[in-house]
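Working notes, beginning with the structure itself.
Read-outs: derived from the displayed coordinates by stated rules, not from any lab. Computed from a prediction, not measured in an experiment: that's the story for all the values here. A quick note on method: Cβ atoms are made from the backbone with ideal geometry, for glycine too, and the neighbour counts reach across all protein chains shown.
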Amino acid sequence: MGLRLIFLGPQGSGKGTQASRLARLMGVPHISTGEMLRQAVADGTELGKKADAIMQAGDLVLDDLVVAMVGERLSQNDAACGYILDGFPRNVAQAKALDEVLETPLDGLVQLDVPHEELMKRMLLRAEQEGRADDTEEGISRRLAIYWEETAPLSDYYRETDRQVFAVDGLGGIDEVFSRVALALAVE
Ligand code: AMP
């Protein structure tokens, strides 16, 4: 299995945790667009100023801005031999833009499956614990709706374009889910 992977899953599916662990195991960078954008907002960069209100509303930041940010990140040395992308692409337009900028094609996609009710429960708990600005009940529902409408269809896009899609059951403890991810990718 190659090292150029996308991690797909709704907010609250545990994809950030699993993606970061897999990246550590494989020795490649974990690239989270949500984290990069939150950092840009905290640093008050031009990108951060444009993204701030959009993120708080739970909407998607403009494709062009995110694609440019990811393109720049992937051109850095540490991503030369692989990476785990988390939170990007978020829709088919971003997936196509990514295919255009990549010199070495993607190896595949890991998709974490978690039922809607469980996601709401986990997200509300996280809101209490972390106090992220976009973790209001309204923001959470909005982001989940966008996920089902725009992001979930990505697995079909990647299947149709002959990339490997590994669907993994995301219910259970962190270790249990990670074992499934590793088994699916055969990287243990
Ligand atoms: P996340 O941490 O992945 O849940 O992302 C937090 C927020 O950052 C999202 O609700 C969006 O507003 C924004 N964001 C992150 N990744 C993307 C992306 N690929 N395209 C557009 N907006 C994004």
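Laid out as a table, the results:
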item: Shape metrics for the stretch 45-188, restricted to C-alpha atoms - Rg then Dmax, Å; result: 16.3, 42
item: Mean separation of Cα contacts under 8 Å, 6 or more apart, over the residue count of the chain: relative contact order %; result: 33
item: Spin-label pair ASP107/ARG126, simplified geometry with 7 Å Cα→Cβ offset, distance in nm; result: 2.5
item: FRET efficiency, 1/(1 + (r/R0)^6) with R0 22 Å, evaluated for ASP156 and SER179 via beta carbons; result: 0.25
item: Set of lysines near LYS121 by C-alpha distance (under 23 Å), chain-local residues within fewer than 8 positions excluded; result: LYS15
item: Added length on full extension, which subtracts the Cα-Cα distance from 0.36 nm per residue, ALA186 to ASP63; result: 41.0 nm
